[in-house]
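What follows is a short report on a single structure.
Readers should treat all values here as calculations from the given coordinates under stated rules, not as data from a laboratory. Predicted model only: the values in this text are computed from it and were never measured. Virtual Cβ from ideal backbone geometry, glycine too; neighbours counted across all protein chains shown.
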Amino acid sequence: MFAIPLSQTARSITDSITLAITARAKAMRAEGLDVVSLGAGEPDFPTPTNIADAGVAAIRDGYTRYTAAAGMPEVRAAAARWFGRHFGLDYRPEQIVVTAGAKPALTLGLTAIVERGDRVLLPAPYWPSYPDIVRLAGGVPVPLAARADQGFVHTGEQIAAAARQHGCKGAVINFPNNPSGAVPSRTQVEDILRAAQDTGMWLVSDEIYARLIYEGEHVSPASLPGGAERTIVVNGGTKSHSMTGWRVGFLAAPPEVAAAVARIQSQALGNTCSISQRAALTVADETDDTELAQRLAAFDKRRRYLVEVLNATPRLQLDLPNGAFYALLDVRDICASLGLDDVALAERLLVEGLVATVPGSAFEVPGFIRLSYAASMADLEKAVERIRGFVAAVS
Ligand SMILES: Cc1ncc(COP(=O)(O)O)c(C=O)c1O
């Protein structure tokens with residue numbers, strides 16, 4: 001039989017582990033098992049009504065045609081204002097590209113700056129898609145081991161040393177971080193930017209959780225002196241406005257990079273869905289944050305609950321995450337005593353405890369498991385009870 005060999009690129013790309021775990025939990029539920037899933041990185045709230053209405057109106061009003069590859073002019077202009085209003089970033093509309101979410105923004109942004117074989121530094125813990133996205137762009141991912149002892153924020157010195165050792169062209173950073181929830185201080189971001197400047201690296205800054213912060217402030221490296229010229233910023237309403245399925249996001253970059261990203265997008269994807277772009281216009285133009293504050297308060301309550309009860313459980317440790325909606329549970333003690341790694345522990349927790357989580361190894365942070373608190377309080381309470389029961393049973 002004639003078998004068409006797949007390309008090297010295709011063979012190098014893996015399935016999304018978080019999607020696989022969510023699918024597995026769903027399949028177990030379909031078999032009648034009462035699985036609680038803390039696996040998905042998706043807000044449990046619906047898209048706010050005004051945004052959904054903007055999408056419906058877009059269809060009715062005929063916004064159903066091709067748009068400019070870089071996005072509708074009014075959306076790019078509104079996004080530029082939004083970057084300024086919330087993050088102190090100073091972009092002109094032509095520096096903005098409206099993409100089909102943060103993921104394509106990362107792929108297109110990296111494609112614009114990475115030559116075949118270029119190394120790209122990935123300070124861990126990092127979102128599992130990064131290595132694959134780097135490979136898709138033709139680059140070689142270079143993981144930098146996580147520093148739990150530093151609250152999961154590397155020093156500039158550590159980043160610069162790794163960049164020099166491996167000759168990296170750029171680094172992908174993500175704050176607030178998935179999975180640790182880390183939010184670095186201004187000084188720490190300055191330090192990271194200095195490392196990029198000293199080593200001549202690009203920074204691709206994934207800021208998709210930037211509006212979900214409980215403690216501290218979001219500092220984009222692009223807002224610091226000398227930062228914007230070497231930073232590609234990726235952001236949007238996906239997580240803050242429960243728009244995971246709409247597939248729309250914003251990329252901001254130096255003008256020549258934004259133009260290159262728009263060209264690549266025009267040939268690879270055409271344009272971002274016109275209806276979603278109109279909905280994103282509502283996100284970008286919004287000045288009333290009342291509803292967002294309500295969602296944040298709900299996440300905050302869940303976050304505090306998890307930290308309180310899990311820290312009161314022997315052999316588990318959980319530092320308070322400052323942003324996003326993930327908690328990175330330290331299971332090194334229990335793994336050591338059971339002679340298991342975090343992958344095997346997460347598997348046992350799923351099969352015996354009926355709680356779906358994501359092993360830290362997926363984020364290059366072995367010895368931890370990620371719990372998503374984008375789940376109802378009732379589900380969190382059930383999950384916590386099961387986790388505590390599991391720990392007691394195996395201790
Ligand atoms: C760090 C990070 N970046 C990007 C994304 C993807 O965002 P989008 O759905 O806008 O492509 C996710 C989603 O889980 C994420 O956790």
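Considering only residues that are crowded, with 17+ Cβ neighbours inside 10 Å and not in a helix (DSSP H, G or I), which ones fall in segment 255-278?
N271, T272, C273
Tell me which residues, restricted to segment 288-331, are more than 29 Å from P366 (Cβ to Cβ) and surrounded by 14 or more Cβ atoms within 10 Å (Cβ to Cβ).
E291, L292, R295, L296, A298, listed by residue number.
Looking only at segment 37-69, how many residues end up being within 22 Å of the chain's Cα centre (by Cα) and either over 17 Å from H241 (Cβ atoms) or among the hydrophobic types (A, V, I, L, M, F, W, C) (or both)?
Of the residues in that region, 6 qualify.
Just name the residue that is surrounded by the fewest Cβ atoms within 10 Å (Cβ to Cβ) out of those in segment 209-254 that are among the β-branched types (V, I, T) and more than 23 Å from T187 (Cα to Cα).
So the residue we want is T244.
Evaluate the following for R348: is it of a type in the set (K, R) and surrounded by 19 or more Cβ atoms within 10 Å (Cβ to Cβ)? Before you say what the answer is, go through the steps one by one.
On the way: of a type in the set (K, R): yes; surrounded by 19 or more Cβ atoms within 10 Å (Cβ to Cβ): no.
Taking the combined requirement at face value, the residue does not satisfy it.
Just to be sure before I move on: is D206 surrounded by fewer than 21 Cβ atoms within 10 Å (Cβ to Cβ) and not small (G, A, S) in the structure I sent?
no
Only one of V120, V142 is within 16 Å of the ligand (Cβ to nearest atom) and not small (G, A, S). Can you tell me which? Reasoning before the result, please.
Details: V142 fails: within 16 Å of the ligand (Cβ to nearest atom).
Going through V120, V142 in turn, just one is within 16 Å of the ligand (Cβ to nearest atom) and not small (G, A, S): V120.
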